[in-house]
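The values are calculated or read from the model by the stated rules, or taken from the named source; none is laboratory data. The structure displayed is predicted, hence computed values, not measured ones. FYI the Cβ positions are ideal-geometry reconstructions off the backbone, even for glycines, and counts take in every protein chain you see. Surface accessibility is based on the protein's heavy atoms, side chains included, excluding ligands, DNA and RNA. Shrake-Rupley method; radii C 1.70, N 1.55, O 1.52, S 1.80 Å.
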Amino acid sequence: MVKNSEKAVRKTTNKIVNSADNSGTKCFEDKNYEIENPLDVEYVNEVHVTDFMKALAYDPVKGVDTSNAEHISAWTDALPVRSTSSSTRSQKKPSKRKLREQEAAKPKGISHSLLQYPLILIIGLIMFVELVAYISLRQIVRIWENVFSWRGKKRTLRNRLRASKTYKEWCESADALDKYMHKDEWKKTIPFAYYDYRLLQKVVKHLKMYRQGDTIEDATKLMDVLYVCLKQNFAGIENSKLYSNTYLGTKALIEEYVEEVTRSIEALASNKHIPNEEKRLAFKLYSKNYGRTAFCLSGGAGFGYYHLGVIRALLDRGLLPSIITGTSAGSLMGAIVCTRTNEELDQILNPELSCRIRICQDSWPTKLYRFVSQGSLFDAEQWCREAMWFCKGSLTFKEAYERTGRIFNVSVIPYDPHSPPKLLNYLTAPDCVIWSAVLASAAIPGILNPVVLMQKKRNSTHLIPYNYGHKFKDGSLSTDIPTLALNTQFNVNYTIVSQVNPHVHVFFYANQGSPGRPVTHLQGRGWRGGFLASTIEQMLKLDLAKWLKVLRSLKLLPKVNDQDWSSIWLQKFDGNVTILPKSNLSDWLYTIADPDADRLKKLMSIGQIRTWPKISMISNRMRIESSIEKVRKMVRMSSNKNSRAASRSNSQHDTENEKLSQYFDSQENINNYSHHSDAGSGDELVFLSRRRVSMPDGSSQHLQDKDFFREQNRRRKFMAQFLDSPKEQGSNSTQSSALLFESPSDESDSFSSPPPSSPEDYIRH
């Protein structure tokens with residue numbers, strides 16, 4: 001059992017990250033301060049605080065400082081504020097109520113006005129009854145599981161699992177539970193309905209054979225097989241059901257596949273038969289097809305401190321993605337991560353961090369007085385000063401990326417209700433100061449008034465308003481998890497979501513188990529609480545969502561603080577992996593409160609324990625992705641070094657290689673800036689026609705057009721045997737690659753020319 005746990009720790013640790021805990025014994029209570037305690041360092045910049053307060057007082061529409069008591073306006077010095085002409089007096093000014101109605105574009109009608117509030121009352125009553133029934137059902141299932149499912153030794157093993165202090169202890173307890181519940185037999189059994197095990201067996205066999213070969217043909221085929229299998233959810237290996245039948249790990253075949261793929265990537269990187277430029281293009285395509293992983297931190301007010309335990313668990317395993325997004329409370333936790341290196345995070349992610357959390361330090365009488373006088377419980381200036389420590393001063397998104405290599409994203413909403421949400425990062429807002437984005441993302445109406453984003457100005461110590469000084473508010477009101485924007489900007493197709501919103505995580509049920517937490521009914525083959533309970537749960541939950549959609553579609557709900565609040569339930573809150581906290585009713589008392597050291601320790605411990613069951617699924621994804629990115633950087637550096645050192649030759653072969661290298665450089669620069677490959681760049685065409693430049697015998701002769709298409713078809717047929725569905729055999733991942741396979745027959749003498757964007761055209765030009 002100990003041997004299995006040590007093996008699991010090694011497998012789920014990303015060895016590429018130097019700061020990862022290979023032993024699995026690290027605890028967040030361990031302190032390692034090299035010079036001074038980083039919690040004692042202050043980062044408040046008074047000049048920037050003053051600039052921020054001036055920007056808040058400035059009205060960008062009127063162009064005046066609203067902090068002054070007297071406001072006088074006129075067209076010119078010759079035209080007074082009010083005209084005394086009789087024609088002007090006869091014109092009536094529209095009332096404020098009419099102006100608000102026009103801006104809100106509220107639908108009119110006698111029936112709508114008469115039935116709006118009766119419908120709200122009826123639907124609200126129905127939803128209240130269904131909500132009570134839903135919560136009651138959940139409690140009944142919970143009691144049934146505790147009384148009947150978890151008894152005897154099984155209960156003892158589960159209690160030991162929950163009491164684990166380190167990841168190694170948790171692995172030992174999880175392995176013991178798997179053995180007791182005979183889950184080891186399921187791991188060794190290859191067939192299963194939710195993945196293509198025959199395809200995986202074939203791929204593993206061929207990868208191992210080509211990796212051990214020492215010919216150029218073996219190297220080329222290794223590269224082709226990797227091109228086919230390095231994509232999202234290949235053969236269904238990312239299906240959560242493959243990880244929902246055990247407490248630790250998954251099918252042995254999947255573990256073998258991940259291990260063989262990472263070894264093959266390393267072997268291809270060091271293969272002497274493949275030139276660096278071909279490797280560079282191959283790994284660029286691997287990265288594009290496989291996609292990238294993002295770590296998403298939800299909002300949740302005081303529940304947001306659960307994120308710290310999740311971050312700690314991923315950091316210790318070396319599985320923290322480089323793309324991180326945060327909303328509301330999650331943006332504050334994300335700012336800690338994205339402005340500090342792994343070594344700095346290792347020093348501060350412990351319960352002592354509570355001494356720096358002074359966000360809610362004012363007394364309740366002070367908060368209530370501020371709410372009555374200013375419309376919010378908290379003061380923007382105070383939050384500005386406190387946020388500077390979390391953001392390591394006034395770092396911008398671009399400066400944070402250059403310092404840590406992590407891409408930080410913050411979701412905000414313009415104060416104008418008609419404007420779409422914005423995702424701030426080092427591409428969309430490179431000079432924007434992070435702490436201002438964090439404040440904007442936490443500006444929930446009634447909690448904090450909308451704030452102005454600030455940005456740095458070149459050759460100046462002052463900050464200036466961003467986006468003409470317009471104000472922004474909490475992004476979780478509309479897009480808690482901005483998956484679409486992440487996919488568009490960074491090619492993100494896999495998300496790890498730490499979801500702590502208290503009004504949301506109560507509706508996550510997992511009726512057939514979740515990764516690392518199988519159902520106890522019928523030894524994991526049944527439904528949680530039985531099929532009848534799962535059916536009622538689904539019906540109640542879907543009906544609640546239906547009534548919310550009715551209220552939103554018919555615009556029945558009145559807007560409070562000019563905000564449509566239905567979106568806080570009707571949006572996407574989960575990801576490919578969703579980590580949920582274990583909370584109780586007493587936690588609601590700390591929704592707007594600073595945690596002390598004991599409470600922060602409890603929250604971080606729960607966050608860690610709830611993350612460890614997902615580690616196996618996250619590790620299998622991140623190990624492959626990290627291997628691709630590591631080799632890609634290594635090949636890029638080696639290629640640049642060789643290109644600078646190589647002497648220029650007038651031969652046709654060297655000239656074509658040089659021009660291809662220039663093409664790769666230009667495309668790589670585009671890819672580095674946008675972090676997603678452009679589908680129309682012709683990369684697939686170059687990948688499949690690389691022998692046009694370099695033949696197996698080392699000669700530099702050109703393939704004729706007829707041979708060119710024959711080579712494409714030959715390689716297409718070879719790769720087709722590794723496609724995991726008939727649909728994929730007819731189409732590739734991009735439109736350009738699908739078109740390139742449509743070649744004329746070999747008997748025809750006329751051939752269509754490659755697309756104009758291809759590097760062959762670049763060479764001929």
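Output the relative contact order of the stretch 419-549, whole-number percent, from Cα pairs under 8 angstrom with separation of 6+ residues. Please list the in-between numbers first.
Numbers: 119 pairs, mean separation 18.4, N = 131.
Relative CO of the stretch 419-549 lands at 14 percent.
Using the Kirkwood radius over C-alpha pairs as Rh, can you work out the diffusion coefficient of the stretch 480-625 via Stokes-Einstein at 37 °C, viscosity 0.692 mPa s, in µm² per second?
Numbers: Rh = 18.2 Å.
Rounded to a whole number, D works out at 180 µm²/s.
What base-10 log of the normalised intensity I(q)/I(0) is obtained for the stretch 256-411 from the Debye formula, alpha carbons as equal point scatterers, at q = 0.09, 0.12 Å⁻¹?
Values, matching the q order: -0.43, -0.67.
HN-Hα J couplings of the stretch 156-165 from phi, Karplus 6.51/-1.76/1.60, θ = phi - 60°, integer Hz, Gly and Pro as x?
With coefficients 6.51, -1.76 and 1.60, one gets 5, 5, 5, 4, 5, 5, 6, 8, 5, 9 Hz.
Which ³J(HN,Hα) values, rounded to whole Hz and listed in residue order, are derived for the stretch 436-447 from phi using the Karplus coefficients 6.51, -1.76 and 1.60 in 6.51 cos²θ - 1.76 cosθ + 1.60 with θ = phi - 60°, glycine and proline given as x?
For the stretch 436-447, the Karplus-derived couplings read 5, 5, 5, 4, 5, 6, 9, 7, 6, x, x, 9 Hz, x marking Gly and Pro.
Arranged from highest to lowest average of other beta-carbon atoms within 10 Å per residue, in what order do the peptides 430-439, 231-240 appear?
Details: 430-439: 26.5, 231-240: 19.2.
Packing proxy ranking, top to bottom: 430-439, 231-240.
With every protein chain left in place and a probe of 1.4 Å, what is the accessible surface of Asp543, to the nearest 10 Å²?
Number for this one is 40 Å².
So what is the relative contact order for the stretch 300-411, in percent, with contacts set as C-alpha pairs under 8 Å and at least six apart?
Numbers: 102 pairs, mean separation 43.6, N = 112.
Relative contact order, the stretch 300-411: 39 percent.
Please express the Cα-Cα pair-distance distribution P(r) of the stretch 426-563 as a list of whole percents, one per 5 Å bin, running from 0 to the bin with the greatest distance.
Computed distribution, short to long bins: 2, 7, 10, 13, 15, 14, 12, 10, 7, 5, 3, 2, 1, 0.
Which order do you get for Tyr243, Tyr117, Tyr590 if you rank them by accessible area with a 1.4 Å probe, largest at the top? It would help to have the intermediate numbers written out before the result.
Working: Tyr243 10, Tyr117 130, Tyr590 100 Å².
Correct descending sequence by accessible area is Tyr117, Tyr590, Tyr243.
For the stretch 254-294, just list the percent of Cα-Cα distances falling in each 10 Å bin from zero outward, please.
26, 49, 24, 1
Given H placed 1.01 Å from N in the peptide plane, which residues other than close sequence neighbours of Val451 have an amide H under 5 Å from its amide H?
The list, which skips near neighbours in sequence, is Phe472.
Would you kindly work out the equivalent ellipsoid of the stretch 155-259 from its C-alpha gyration tensor and give its semi-axes, the square roots of five times the eigenvalues, largest first in whole Å?
Values: eigenvalues 235, 42, 26 Å².
Equivalent ellipsoid of the stretch 155-259: 34, 14, 11 Å, largest first.
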